[in-house]
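The block underneath contains the structure these notes are about, expressed in structure tokens.
Every read-out reported here was derived from the displayed coordinates using simple, explicitly stated rules and does not represent laboratory data. Keep in mind the model is a prediction, meaning the values are calculated, not measured. Here the Cβ positions follow ideal geometry from the backbone for every residue, glycine too, while neighbour counts run over all protein chains shown.
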Amino acid sequence: MFWIYSQRKDMLAAISPILGVGYESLLTAGGGRENCPALHDALDFEITMIKFLLMVNKQGQTRLSKYYEQVDIEKRPSLETDVVKRCLSRKKEECSFVEYKDFRLVYRQYAALFIVVGISDTENELSIYELVHNFVEVLDKYFSRVSELDIMFNLDKVHIIIDEIIQNGHIVETNKNRILAPLLALDKMAEAH
Amino acid sequence: ERLIKKELESIKEQVASPNTTMRQMKEIMVRAIYCEMLGYQASFSYIHAIKLAQQGSVLEKRVGYLAVSLFLNETDEFLLLLVNTVLKDLQSTNLIEVCMALTVVSQMFPKDMIPAILPVVEEKLTHPKEIIRRKAVLALYKFYLIAPNQVQHIHSKFRKALCDKDPGVMTASLHIYLQLIKENPESYKDLTGSMVTILRQVVGGKLPLDFNYHSVPAPWLQIQLLRILAYLGKEDQGTSEMMYDVLEESLRRAEMNHNITYAILFECVKTIYTVHPKSQLLEKAAECIGNFVLSPKINLKYLGKIPPYDHHRVSGPL
């Protein structure tokens, strides 16, 4: 399964040498910005972040939602349904990245569950795509082959795990052992009581 | 929908009852989280979430903090009530409680109360346990984001974190540095050498094995470092020259056929094109992209997105 960086203006700028347009000439001839707006735009004061993380099943039922940017609680269900609809309507050959409003969606399907991450324009889609997989591997480790039911019955624990991975919309930990350490310690203490 | 309304009624009753134990309160809080997740506000439970964080045992406390982080936002007045609890937990002898307090602080904290908590968090920067140092750095990152002037005086401590022997603490400091460098690259050019060295070590496999993801050493850390280098080397030949070697090395090493290595390659190429140009490196990067673009599975829609002035050149090989 491959993907397209077609929407990435900065990637287009990177491609141009293959097409026979010199990088230097793009930047220097007649003012850099005019000839290569893509590259310059990409470097302006962009906000690179994760906006939300959703786990929604094929029927559109939200199993987990985590927002890193303020979205009114009443607006969330419709956003989530819309997002899932978009992902469900994608064909198998299409890539896992969708332009949605003024940001992007990265989605991955695991059995009947979709994990969808909303990201800003300038975030690295592939890295988020793999972050989702890393997250699922962590869940598999903790729940021994995680299922949708595990998530439903352990919502608090899944949240605690996500809290270790993403904070303020940024990736803060990806080492599986370190992600699980606080939760395992909590479990141990809870057992002792 | 009726079910949820009924559930909310039940929760409302139970949180108000004096007979509800903390253990029960924890379960109720999770149910309240569910209701809110489905779009139904349960604001009567907010104060009880804070109470749970204050009075519950360790796991209950964590759920209380979780509920608070999900229910409230930065501007909520309720958050002020949390400050005392957080302060207390930060100074607990139980490290788990210190960790969760630092986690909550990194998620949301009232700007005006930063002075009250800053010294306690600063103290944690030199804690013997790496997880506490790491979380303290992330809390300070949060403070920098919401009130940069409040943390001006501790930039030297960020440097210490950057040089911390634990890679997790070092990685945490990179969040702060990415922000600082983005805003003012000139003041941090002297860090280029350190960043290059760190990237070289990561790419060279010097980190413990559990930092690997599918045999790739700390890929997200590599991406973070590449972004930092892009900001440092932009429009600066001297600084860029310091990084050409490690950029080439990153390009070479990330040759496996896995999504995550492509993610690193993408970021690496982006950096190469951002910093002062070096022709051999540009060629290698172009070759790399060429392999992406010419992959048999590529969606030809891509061609349609090329800006108009390039269209006539596209007709050829592609």
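Efficiency by 1/(1 + (r/R0)^6): what FRET value for B:ASP112 and B:ASN184, r their Cβ-Cβ distance, R0 = 25 Å, to the nearest 0.05? Efficiency computed from Cβ-Cβ geometry: 0.45.
The alpha carbon centroids of region B:131-162 and region A:136-193 are separated by 25 Å. Estimated from the Cβ-Cβ distance and a Förster radius of 45 angstrom, the FRET efficiency linking B:GLU122 and B:LEU3 is about 0.40. Put simply, the amide H of A:ARG63, placed in the peptide plane, has neighbours under 5 Å in A:MET55, A:VAL56, A:ASN57, leaving out anything fewer than 5 places away on its chain.
Phi angles across region B:195-204 convert, under the Karplus curve 6.51 cos²θ - 1.76 cosθ + 1.60 with θ = phi - 60°, into 3J(HN,Hα) values of 5, 4, 4, 4, 4, 4, 5, 5, 4, x Hz, Gly and Pro given as x.
The trypsin sites (Lys or Arg not before Pro) of region A:41-116 that meet both conditions, a loop assignment by DSSP and at most 10 other Cβ atoms within 10 Å of the site Cβ, are A:LYS75, A:LYS91, A:LYS92, A:LYS101.
Here the Karplus relation 6.51 cos²θ - 1.76 cosθ + 1.60, evaluated at θ = phi - 60°, turns the backbone of region A:47-52 into coupling constants of 9, 10, 6, 8, 9, 7 Hz, with x for every Gly and Pro. Phi angles of region B:24-36 translate, via the Karplus equation with coefficients 6.51, -1.76, 1.60 and θ = phi - 60°, into HN-Hα couplings of 5, 4, 4, 4, 4, 4, 5, 5, 5, 4, 4, 4, 5 Hz per residue; Gly and Pro are given as x. By the helix-only formula, in which each DSSP H run with n ≥ 4 contributes -39500 (n - 2.57) and the sum is divided by residues, chain B has a 222 nm mean residue ellipticity of -21000 deg cm²/dmol. When exposed loop sites are taken as trypsin sites (Lys or Arg not before Pro) in a DSSP loop with at most 13 other Cβ atoms within 10 Å, the longest stretch of chain B clear of them is B:1-128.
Sequence-distant contacts, meaning Cα pairs under 8 Å at least 6 residues apart, place the relative contact order of chain B at 9 percent.
Among the listed pairs B:LYS182/B:LYS278; A:LYS176/B:LYS12; A:LYS51/B:LYS12; B:LYS124/B:LYS189; B:LYS135/B:LYS160; B:LYS61/B:LYS160, those whose Cα-Cα separation exceeds 26 Å are A:LYS176/B:LYS12; A:LYS51/B:LYS12; B:LYS124/B:LYS189; B:LYS61/B:LYS160. Averaging 1/r over each pair of different alpha-carbon atoms in region B:76-219 and inverting the result gives 16.2 Å, the Kirkwood hydrodynamic radius.
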